[in-house]
Amino acid sequence: MLDDTKQCANCSNLKRDLSLIDIFCPRCTTHYCSFSCEAEHASIHQRFCRPMLPDNVQGFELSCRDDEDPIRSVEIHSRDEIHSRGEICPLSRYIDIPLVMYRHLKQNSMTMTYNPELDNRLASSLMVVPDSGYVIPKWQQNVGLVTVMREDHKPLKLKTLSMILAYCQVVMSVVGGGGGLKDPISPANFLKFCRIYDCEGKGRIYKLRSRFKKIEL
């Protein structure tokens with residue numbers, strides 16, 4: 001039911017009659033005082049309607065090379081700095097699973113003294129530039145602990161992350177080595193890659209198993 005905190009998006013009316021039906025968009029919860037207001041506002045609303053983002057989202061922390069278990073599941077909260085300071089992983093844009101990664105260290109990785117203990121091979125792989133096969137310079141050293149999540153706020157699955165890591169490593173190896181990929185980077189060709197390789201944590205690649213037929217990313 002409508003209360004005095006819910007304003008009609010069409011006529012800006014505030015309804016205090018709690019007997020009235022609460023009319024709202026189920027996708028973004030925009031409220032209306034009547035069905036006629038909802039209909040009048042439809043053409044405008046469709047252009048701006050966005051689903052509400054969850055308060056918490058599933059992501060992963062990627063730690064440094066000496067850790068026994070470098071991939072750890074974490075719950076990312078709405079106020080975490082990854083939302084404001086995270087950076088898009090370039091290749092992930094090409095496959096329609098955009099990932100955002102946040103480096104926890106505050107120091108500039110390019111100006112601080114190189115520390116091999118801060119090498120993070122998995123995080124660096126995610127920052128490969130598809131055209132060159134090289135990792136963005138500031139993500140090549142002194143990376144340290146990072147958090148990664150999906151930009152669309154969908155839960156990030158371990159299998160999805162593992163597949164993307166493996167794909168990035170192939171691009172680094174082939175394109176970075178001066179060669180060319182057999183298939184251009186695209187959502188369809190990424191799924192094709194996923195059907196060929198069964199990837200599990202830590203960036204390792206395993207041959208397709210007979211049971212591994214359907215890909216759910």
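The values are calculated or read from the model by the stated rules, or taken from the named source; none is laboratory data. Please read all numbers here as calculations on a predicted model, not as lab measurements. Cβ: placed from backbone, ideal geometry, glycine included. Neighbour counts: every protein chain shown.
Values for this structure:
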item: Qualifying residues in region 30-72 (those that are surrounded by fewer than 17 Cβ atoms within 10 Å (Cβ to Cβ) and part of a strand (DSSP E or B)) - the one modelled with the highest pLDDT; result: Arg72
item: Hits in region 140-160 (condition: touching a Leu at 6+ places or on another chain (Cβ under 8 Å) and not in a strand (DSSP E or B)); result: Gln141, Asn142, Val143, Gly144, Leu145, Glu151, His153, Leu156, Lys157, Lys159, Thr160
item: Output for region 84-108, where each listed residue is under 30 Å from Ala188 (Cβ atoms) and of a type outside the set (A, V, I, L, M); result: Gly86, Glu87, Cys89, Pro90, Ser92, Arg93, Tyr94, Asp96, Pro98, Tyr102
item: Residue in region 70-85 that is closer than 30 Å to Tyr134 by Cβ, in contact with a Cys (Cβ under 9 Å, 6 or more places away or on another chain) and β-branched (Val, Ile, Thr) present; result: no
item: Counted residues, region 73-104 - those being touching a strand residue (DSSP E or B) at 6+ places or on another chain (Cβ under 9 Å), in a loop (DSSP other than H, G, I, E, B), at pLDDT 90 or above and of a type outside the set (Val, Ile, Thr); result: 6
item: Filter result for Ile76 (within 23 Å of Val170 (Cα to Cα), touching a residue at least 24 places away in the same chain (Cβ under 8 Å) and of a type in the set (A, V, I, L, M, F, W, C)); result: no
item: Checklist (1) surrounded by 16 or more Cβ atoms within 10 Å (Cβ to Cβ); (2) farther than 18 Å from Ile164 by Cα; (3) not basic (Lys, Arg) applied to Glu75, failing item; result: (1)
